[in-house]
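Asker: Structure below; questions to follow.
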Amino acid sequence: MTQLALVIDLNVCVGCHACVTSCKQWNTSGQAGPMFDDNPYGKDPTGTFFNRVQTYEIGSYPNTETLHFPKSCLHCEDAPCVPVCPTGASHKRAEDGIVLVDYDKCIGCKYCSWACPYGAREFDEQQKVMKKCTLCVDRIYDQSLDERDRKPACVLACPTSARLYGDVHDPDSEVSVAIRERGGYQLMPEWGTKPANHYLPRRKTQINIHDDELTRVDNPLKKEDIRHETSKDVSLDDWLM
Amino acid sequence: MHPTFSVIFLTTLIGVGQGLFLALFTQQSYSAANLLPSQGSDFYVTGSLLALAFLVGGLIAAVGHLGKPSYMFTRAWRGITQWRTSWLSRELILMPLVMGLVFLYGAFHYFGWEIRFLDYNLANQLTLLLGTITTAAVFGLFIATAMIYASIKFLQEWACALTVVNYTLLGGASGFTLAAAYAAYAAPELVGFYVGWAIILTIAALISRGGSLIRNARIKHKSTVQTAIGVRHPQIQQKSMGMMGGSYNTREYFHGATAAFLKSVKWIFLVLVFPVPVLLLWLGMDGGKGLLVAAFVIQYIGLVFERWFFFAQANHPQNLYYQTV
Ligand code: SF4
Ligand code: SF4
């Protein structure tokens, strides 16, 4: 079974919000209708987004580290937001594991958003239906696009390639290898939602070098320099000569 | 969570309607067993209409919770399709079912229809049977309504059997209190019976609601900001939520009230739902109409506070992602 997902490399995300804006641009222009923006240029602007980049500070000054944290629907394998929907509008596709909302069936009861522990769903105040990341389902299968463009808008926009996209059920896909080899993890594993999206942790690139690895005590090139004191004791040679 | 008045009124109003129906039918079954004086059909007809009025009031409040009221006619019918998995869908099926059954119950009493299923001399067999079915549906509706909340396991304040018990007992208590007030006008000889049950149910509800308050006061949340972003460090501070003007996430999941306000709402509902109505019911035992009506009105207002608090107290794990502007 295919399970399409994103793997987000927190080690290289610089928090530029390019994925946020490209996501909004693509998805507000699609056939599903615009994503609501209220007061976009005024005081207290608010609107519907599928993807947000948040920032956290880890540790206490001066030993701090900044973490930029993109968050969108994780397309959970055991998605709690799907069974609660009374209309069947919220569903998980069998063929590729994408969790979607059918905007024509949704009654806007918001129950699914209560059932998502990640706050990944946002209600559209204009269309009065629930919205969430579609993994650009209208783009990744679009045969009229170049093969290399058939990826979610956020993945294409990321300048540091922090967003990888692929099938996490295929053990040899780029995303599976990244998860396996670079410590990919899931958010809030305690609820058993089994998010399909994974995150790659921050890493420090360093090697440990000890002094004796730089200056070997037994370096043969230095043999001549090792001078021993001559002994004052009587040696065998003194007897013989 | 942010308490919405549509849901507060929906759950409290249908609770009263369901409780009132239970009160009517309890009386009918008692009198069938000759434990209480039997009543003319008027008592049940007006009573069912009153119960129906509260149920319809709840339904109207529910429409306010839809994205658009027009969804009621264009899309809400789909809400009955997912009954296999969704408690909300089950509630959407049971609500009209209960309303229809209560209506039929009143109608059968009105027309005095009768079918004798059982041989021996028992009057009103048809309405007794219908009442039994309706009672089952009423309990089903209590369970479905409460399970909508209790089934979300990470809303830990709600995910507990006490939620179901509370909804049932609080609905029952308010229904029986209303029945006591109704009896003061329609059948004064029943006032004592209803007052007794209303007091018992109110005290039972106090015990179970108090139990859930104690449980929630010492709850330990499973999710932390560490599990939310997957970083194992004791000190993590959010610096930005990714937006500054607020979003659905900052509006829907936060009650926005101060801790002091929350605490005062708790004490308001604890006083208005339990001791005051019990006292008024006690004083109205011998048929004081004003006292019994006041008991119901005060208890209902208290329940609105109770429901507000129920929503406000629940702490959604998504809030971990929205802690600072
Ligand atoms: S992240 Fe939330 S909305 Fe997305 S599949 Fe999981 S539970 Fe559903
Ligand atoms: S808001 Fe829409 S998608 Fe979500 S549970 Fe309600 S009907 Fe389903």
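Asker: Return the only residue of A:A162, A:A196 being away from ligand 1 (no atom under 16 Å from the Cβ), more than 8 Å from every other protein chain (Cβ to nearest Cβ) and buried (at least 23 other Cβ atoms within 10 Å of the Cβ).
Answerer: Being away from ligand 1 (no atom under 16 Å from the Cβ), more than 8 Å from every other protein chain (Cβ to nearest Cβ) and buried (at least 23 other Cβ atoms within 10 Å of the Cβ) holds for just one of A:A162, A:A196, which is A:A162.
Asker: Could you please give the count of residues in the range A:94-113 that are within 11 Å of ligand 2 (Cβ to nearest atom) and part of a loop (DSSP other than H, G, I, E, B)?
Answerer: 9
Asker: Just a yes or no: is a residue in the range B:134-141 under 28 Å from B:P275 (Cα atoms), surrounded by 22 or more Cβ atoms within 10 Å (Cβ to Cβ) and either touching a residue at least 40 places away in the same chain (Cβ under 8 Å) or more than 14 Å from every other protein chain (Cβ to nearest Cβ) (or both)?
Answerer: yes
Asker: Here are B:L88, B:L155, B:L101: which of them is among the hydrophobic types (A, V, I, L, M, F, W, C) and away from chain A (no Cβ under 14 Å)?
Answerer: That would be B:L101, the only listed residue that is among the hydrophobic types (A, V, I, L, M, F, W, C) and away from chain A (no Cβ under 14 Å).
Asker: Of all residues being among the hydrophobic types (A, V, I, L, M, F, W, C) and not in a loop (DSSP other than H, G, I, E, B) in the range A:31-61, which is surrounded by the fewest Cβ atoms within 10 Å (Cβ to Cβ)? Just the residue, please.
Answerer: A:I58
Asker: Under 7 Å between Cβ atoms, at least 6 apart or on separate chains: pull out the pairs that start in the range B:1-27 with a residue that is within 18 Å of B:M95 (Cβ to Cβ) and end on any residue that is of a type in the set (K, R) and surrounded by fewer than 24 Cβ atoms within 10 Å (Cβ to Cβ).
Answerer: B:I8/B:R307; B:T11/B:R307; B:T12/B:R307
Asker: Name the single residue, out of those in the range A:83-93 being more than 9 Å from ligand 2 (Cβ to nearest atom) and not in a strand (DSSP E or B), that is surrounded by the fewest Cβ atoms within 10 Å (Cβ to Cβ).
Answerer: The residue in question is A:R93.
Asker: So how many residues does the range A:2-30 have that are aliphatic (A, V, I, L, M), part of a loop (DSSP other than H, G, I, E, B) and over 16 Å from A:V175 (Cα atoms)?
Answerer: 1
Asker: Another one. For B:P96, all conditions in the list (1) within 16 Å of ligand 1 (Cβ to nearest atom); (2) over 16 Å from A:V84 (Cβ atoms) hold save one; what is the number of the exception?
Answerer: Here B:P96 meets the rest and fails (1).
Asker: Step by step: first the residues of the range A:76-113, then only those that are charged (D, E, K, R) and under 17 Å from B:A76 (Cα atoms), then the one that is farthest from the other protein chains (Cβ to nearest Cβ). Which residue is that?
Answerer: Once the filter is applied, the top-ranked residue is A:D102.
Asker: Output the residues belonging to the range A:62-82 that are more than 13 Å from ligand 2 (Cβ to nearest atom), assigned to a loop (DSSP other than H, G, I, E, B) and at pLDDT 95 or above.
Answerer: A:L74, A:H75, A:C76, A:E77, A:D78
Asker: Using the structure shown, decide if A:Y185 is of a type in the set (S, T, Y), within 8 Å of another protein chain (Cβ to nearest Cβ) and more than 21 Å from A:D37 (Cβ to Cβ).
Answerer: So A:Y185 fits the description; yes.
Asker: Continuing with this model, one more query. When the range B:62-94 is examined, which residues are found to be among the hydroxyl-bearing types (S, T, Y), within 11 Å of ligand 2 (Cβ to nearest atom) and assigned to a helix (DSSP H, G or I)?
Answerer: B:Y71, B:S89
Asker: Hey, could you check the range A:114-131 for residues that are assigned to a loop (DSSP other than H, G, I, E, B) and closer than 19 Å to B:M1 by Cβ and say which is nearest to the other protein chains (Cβ to nearest Cβ)?
Answerer: Applying the filter and picking the extreme gives A:G119.
Asker: Okay, moving on. Can you name the condition, by its number, that B:V225 falls short on among (1) more than 13 Å from chain A (Cβ to nearest Cβ); (2) among the hydrophobic types (A, V, I, L, M, F, W, C); (3) in contact (Cβ under 8 Å) with a residue 60 or more places away in the chain?
Answerer: (1)
Asker: Still on this structure, please answer the following. Scan the range B:238-255 and report the pairs whose first residue is facing another protein chain (nearest Cβ under 7 Å) and part of a strand (DSSP E or B) and whose second residue is polar (S, T, N, Q) and surrounded by fewer than 20 Cβ atoms within 10 Å (Cβ to Cβ), with Cβ atoms within less than 8 Å and a gap of 6+ or a chain change.
Answerer: B:Q238/A:T55; B:Q238/B:Q323; B:Q238/B:T324; B:K239/A:T55; B:K239/A:T66; B:K239/B:T324; B:S240/A:T55; B:S240/B:T324
Asker: With the requirement that a residue be of a type in the set (K, R) and out of contact with any helix residue (DSSP H, G or I) (no Cβ under 6 Å at 6 or more places or on another chain), what does the range B:80-101 give you?
Answerer: Scanning the range B:80-101 gives a single hit, B:R84.
Asker: Follow-up question, since we're still on this one. Out of the residues in the range A:11-30 that are surrounded by fewer than 20 Cβ atoms within 10 Å (Cβ to Cβ) and within 9 Å of chain B (Cβ to nearest Cβ), which is nearest to the chain's Cα centre (by Cα)?
Answerer: A:G15
The values are calculated or read from the model by the stated rules, or taken from the named source; none is laboratory data. What you are looking at is a predicted structure, and each value in this text was computed from that prediction instead of being measured. Every residue, glycine among them, receives a Cβ derived from its backbone with ideal geometry; neighbour counts consider all protein chains shown.
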